[in-house]
Structure formats: C-alpha cells, structure tokens
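First the structure, in the form of structure tokens, and then the observations on it.
Laboratory data are not the source of any read-out in this text; all were calculated from the coordinates shown. Model, not experiment: these values are computed from the prediction. Every residue, glycine as well, gets a Cβ built from its backbone with ideal geometry; the counts of neighbours run over all protein chains shown.
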Amino acid sequence: MRAVVQRVSEAAVTVAGETVGAISGPGLCVLVGVTHDDTPAKAAQLARKLWSLRLFEGDQAELSCSDFGGPLLVISQFTLYGDARKGRRPTWNAAAPGPVAEPLVAEVVEQLRALGAKVETGRFGADMKVSLVNDGPFTVLLEV
C-alpha cells in the first residue's frame, strides 16, 4: 500500500457538488493506493502508522493524530500506482482493480476508527474533487 499524507488545517472531498467527507484540522488528508499483493494486514499496518506518525508541532514534542485526536480524511487513489517512466502516457498496471482495492481502503478506515480516530472518506471510484489547505506545506509518502 502507498499513501500520500498531507498535514492540513482543513480538507474536503465532493462528488457531483455534494460534500461527502470533510475535516477541519489540524489533521491529515491521506490519499491511499492499493497494489495487487496488498493484504488486510498491510491495511492495518498503514492505519497504525497514520495514527501514530508524528507530523504536528507541540509545546514539548512532536505529536501524532493519536496524541490530540486529529481527524483524517482518507481518499482512495489508484493513480498512486501510475507508472510514467516510459512514453507520455502513464500505465496503471500496478494498481489493484476495484474489487481488490475497495475493501482494503475500507479496512484502513475501519482500523483507524478502531484505534479511536475520527475518519472521513471520499467515495470509492467516484469522480472526486478534493480541496485542502496544506499546513506547512507538509507532505509525506508512506509505503507499507
């Protein structure tokens, strides 16, 4: 699994003009991509990492979402496994198909919620419009 994690002060995702998920921060906007060999165990590992990743500044130490209850907006994004090294058009061969990817993205969300996270989501497979205010800017790429 691959995730692009952005520290945000706010983020929202809309589908056909309807807001389907939104957070006001500080929090994380997380784009999640799934490849063919990903498993529920990897989804759980990613959730634990997201919940405990210290990306926020505190008075005495760096903080994670788990330290202060920071919300997360999790959005599926198959294009994270796009490959544009050859030619001018990316290929998506490394991205898992929807029937494989959708339950694994849902597992990340479920595992985060089980850890105590407030999680909002996009809508799998939809034409989503994502808006956010990146705090920093601060963006990290994670792979598990």
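To the nearest ten degrees, helix 98-114 and the longest principal axis of the Cα atoms of the chain are 10 degrees apart. For L53, the residues whose amide H sits under 5 Å from its own are C65, ignoring neighbours fewer than 5 places away on the same chain, with H placed 1.01 Å from N. Spin-label model, A61 to V140: label points 7 Å out along the Cα-to-beta-carbon direction sit 1.5 nm apart. You can think of it this way: the chain between R88 and K129 has 12.3 nm of extra reach, that is 0.36 nm per residue less the Cα-Cα gap. Using θ = phi - 60° in the Karplus curve 6.51 cos²θ - 1.76 cosθ + 1.60, the 3J(HN,Hα) couplings for region 62-75 round to 6, 10, 10, 4, 5, 6, 9, x, x, x, 10, 10, 9, 10 Hz; x is entered for Gly and Pro. Count Lys and Arg as plus one, Asp and Glu as minus one, and take only other residues whose Cβ is under 15 Å from that of P26; the net charge is then -4.
In the chain, helices alone account for a calculated mean residue ellipticity at 222 nm of -7000 deg cm²/dmol, with every DSSP H run of four or more residues adding -39,500 (n - 2.57). Under a Gaussian network description of the chain, with springs only between Cα atoms under 10 Å, the residue in E107, E57, E120 that fluctuates furthest is E57. Cross-link reach is defined here as a Cα-Cα straight distance under 28 Å, omitting same-chain residues fewer than 8 places apart; for K118 the lysines meeting it are K42, K49, K129. Here the 3J(HN,Hα) profile of region 129-144, calculated from phi with Karplus coefficients 6.51, -1.76 and 1.60 at θ = phi - 60°, is 10, 10, 10, 7, 10, 6, 8, x, x, 9, 9, 10, 9, 10, 9, 10 Hz, Gly and Pro shown as x. Couplings 3J(HN,Hα) for region 48-60, derived from phi with the Karplus relation 6.51 cos²θ - 1.76 cosθ + 1.60 (θ = phi - 60°), are 4, 5, 4, 5, 10, 5, 8, 10, 10, 8, x, 5, 10 Hz, where x marks Gly and Pro.
Placing +1 on the Cβ of every Lys and Arg and -1 on the Cβ of every Asp and Glu, with no other charges, gives the chain a dipole of roughly 480 debye about its Cα centre.
Shape class of the chain from the Cα gyration tensor (axes a ≥ b ≥ c, square roots of the eigenvalues): prolate, since a/c reaches 1.5 or more and a/b is larger than b/c. Proximity of backbone amide H atoms, modeled 1.01 Å from N, is registered between K118 and L72 at under 5 Å, excluding neighbours fewer than 5 places apart on the same chain. Set against the 2.2 N^0.38 Å expectation for a compact globular protein, region 1-85 has a Cα radius of gyration ratio of 1.19.
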